[in-house]
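Trainee: Encoded as structure tokens, here's the structure I'll be asking about.
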Amino acid sequence: MTVIDFSAFIGRLATASGETILPFFRTSLSIDDKSKTKDFDPVTEADRAAEAVMRRLIKANFPQHGIVGEEFGNEGEDADYVWVLDPIDGTKSFIGGFPIWGTLIALLHKGAPVFGMMHQPFIGERFSGDNGSANYKGPSGERRLQVRRCASLSEATTYTTSPLLMNERDRAIFGRIEQGARLSRYGGDCYSYCMLAAGHVDLVVETELKPYDIAALIPIVTGAGGVVTTWEGKPAQGGGRIIAAGDARVHEEALKLLNQ
């Protein structure tokens with residue numbers, strides 16, 4: 001498969017999932033709770049339908065590839081090439097009618113993310129990356145993505161989806177980041193990482209992420225010149241406690257605070 005063919009196929013996945021999701025957005029759709037604890041973990045018809053569409057396309061075009069998805073589990077996850085799908089990252093924003101959600105599509109080769117895309121069909125934005133470069137396509141046209149320089153945490157704008165998603169210990173640790181940062185904001189889910197890649201945010205700190213929450217975002221952030229690791233400084237594609245920074249100096253400073 002050529003690069004052009006691959007790009008066209010990724011585009012088909014994004015288009016098909018977006019066309020499936022949009023009829024559900026800002027409607028009175030039914031919502032199920034996947035959580036087995038007191039924490040609300042919503043899933044909708046749109047999540048399931050979009051993942052099903054992408055799975056069908058992948059199986060028809062790459063039957064030898066594995067698939068890891070949020071809604072329908074794992075198939076062939078030991079294959080050399082594995083697709084990692086999150087049909088709607090930011091379902092809580094989705095059910096609230098806010099457009100800060102996106103479809104995450106990642107391709108792993110021998111366990112490492114080699115391509116990622118975040119597609120927001122309502123706004124019409126696509127962020128993509130292959131670790132070497134990252135690109136934006138949307139209403140304002142097309143451009144390369146590039147993180148911005150930031151010398152220290154004291155100059156940084158940092159995001160997390162919500163401290164309430166962290167356990168009590170991690171929330172207290174994250175407090176060190178908030179105290180040191182110039183500005184701390186909440187919300188965003190996958191959009192925070194894309195805004196970091198675009199040079200508008202300096203640091204994203206999260207916990208309890210699953211592989212499908214982060215795998216697609218790693219090639220975008222690193223392709224734009226940023227850094228993504230766990231809080232321990234390890235590869236991030238397995239999920240867990242994640243830190244992403246646009247500038248390596250901020251990443252290093254934040255890691256020290258997280259591991260004091």
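Trainee: Give me the pairs, please: first residue somewhere in the stretch 160-179 and touching a residue at least 24 places away in the same chain (Cβ under 8 Å), second residue anywhere and acidic (D, E) and in a helix (DSSP H, G or I), beta-carbon distance under 9 Å, and either six or more positions apart or on two chains.
Mentor: That search, which allows pairs on different chains as well, returns T160/E178.
Trainee: Within the stretch 149-168, how many residues are of a type in the set (A, V, I, L, M) and farther than 17 Å from G226 by Cα?
Mentor: The total comes to 3.
Trainee: Answer with yes or no whether L203 is among the hydrophobic types (A, V, I, L, M, F, W, C), open to solvent by 20 Å² or more (accessible area, probe 1.4 Å) and at pLDDT 95 or above.
Mentor: In short, no.
Trainee: Sticking with this one: Here are R176, R241, R149: which of them is modelled with pLDDT of 95 or more, assigned to a helix (DSSP H, G or I) and either open to solvent by 10 Å² or more (accessible area, probe 1.4 Å) or not β-branched (V, I, T) (or both)?
Mentor: Exactly one residue qualifies, and that residue is R176.
Trainee: Same structure, new question: State whether the residues of the stretch 217-235 include one that is buried (at least 24 other Cβ atoms within 10 Å of the Cβ), in contact (Cβ under 8 Å) with a residue 12 or more places away in the chain and assigned to a loop (DSSP other than H, G, I, E, B).
Mentor: yes
Trainee: Return yes when M195 is touching a helix residue (DSSP H, G or I) at 6+ places or on another chain (Cβ under 9 Å), among the aliphatic types (A, V, I, L, M), surrounded by fewer than 21 Cβ atoms within 10 Å (Cβ to Cβ) and closer than 29 Å to V82 by Cβ and no when it is not.
Mentor: no
Trainee: On the basis of being of a type outside the set (A, V, I, L, M, F, W, C), outside the structural domain of L217 (by the TED database) and assigned to a loop (DSSP other than H, G, I, E, B), does E51 make the cut?
Mentor: no
Trainee: While we're here: Hey, among G76, G66, which residue is at positive phi and either in contact with a Ser or Thr (Cβ under 9 Å, 6 or more places away or on another chain) or without any contact (Cβ under 8 Å) to a residue 60 or more places away in the chain (or both)?
Mentor: G76
Trainee: How do the strands (runs of 3 or more DSSP E) wholly within the stretch 55-115 filter down when requiring 1 or more residues that are open to solvent by 50 Å² or more (accessible area, probe 1.4 Å): which remain?
Mentor: 73-75, 81-89, 102-109
Trainee: Right, here's the next one. Residue by residue through the stretch 248-260, note down the ones that are out of contact with any Leu (no Cβ under 7 Å at 6 or more places or on another chain) and either open to solvent by less than 20 Å² (accessible area, probe 1.4 Å) or in a helix (DSSP H, G or I) (or both).
Mentor: A248, R249, H251, E252, L255, K256, L257, L258
Trainee: For A216, are the conditions met, namely being within 26 Å of V114 (Cβ to Cβ), in contact with a Leu (Cβ under 6 Å, 6 or more places away or on another chain) and not acidic (D, E)?
Mentor: yes
Trainee: Which one is nearest to I242 (Cα to Cα) among residues in the stretch 134-168 that are of a type in the set (K, R) and within 20 Å of the chain's Cα centre (by Cα)?
Mentor: Of everything passing the filter in the stretch 134-168, R148 is nearest to I242 (Cα to Cα).
The values are calculated or read from the model by the stated rules, or taken from the named source; none is laboratory data. The shown structure was predicted, so the numbers you read here are calculated from the model rather than taken from an experiment. Counting neighbours? That spans all protein chains shown, and the Cβs are built from the backbone with ideal geometry, glycine included. Ligands, DNA and RNA are excluded from the accessible area calculation, which covers all protein heavy atoms including side chains. Shrake-Rupley method; radii C 1.70, N 1.55, O 1.52, S 1.80 Å.
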